[in-house]
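Presented below is the structure to which this report refers.
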């Protein structure tokens, strides 16, 4: 049995137990000061075995150390357990590693936690996978962070949702802006 300890900044200790075919026991203590090597030792199977409580207990530093391969191993349910401060810590390579299913699993609170720089780095596939509800959850600054290329790949439903966000927040869409042109195309402005 492999035993792993994960400690959160608040010093809550969490034990991850993984049954394996080996009779060897190996213990790795993960805490906010763990080395890169410690966090990198978690296999995709071990990542998938993390409970919601364990996901929430990962520190900023531990989140930053997760590899893109480990990020891809997170289930939709685990993605939904990430706290806003953890979402903010995701690096460019981690953001790009998120699958379409993981993107769709993000909650409105998590969407609002995305930094402008993270929004800019979403791939076109990730942008296309955003739901209408997720688009509606975007903040004005996040909408402004969308690149021209990302905007060109928005669906008509996404454009309409952006228009609703903009209208709700009393921002004027200029007909010559890229969003204005896209909206005009889909709504006969």
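The values are calculated or read from the model by the stated rules, or taken from the named source; none is laboratory data. These figures come from a predicted structure and were not determined experimentally. Every residue, glycine among them, receives a Cβ derived from its backbone with ideal geometry; neighbour counts consider all protein chains shown.
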*Would it be correct to say that residue 173 is at pLDDT below 90, farther than 19 Å from residue 105 by Cβ and in a loop (DSSP other than H, G, I, E, B)?*
yes
*Among the helices (runs of 4 or more DSSP H) contained in segment 88-170, which hold 1 or more residues that are surrounded by fewer than 17 Cβ atoms within 10 Å (Cβ to Cβ), under 11 Å from the mean Cα position of the chain (by Cα) and at pLDDT 95 or above?*
92-97, 100-105, 108-113
*Please tell me if residue 77 is within 30 Å of residue 144 (Cα to Cα), out of contact with any helix residue (DSSP H, G or I) (no Cβ under 6 Å at 6 or more places or on another chain) and modelled with pLDDT under 90.*
no
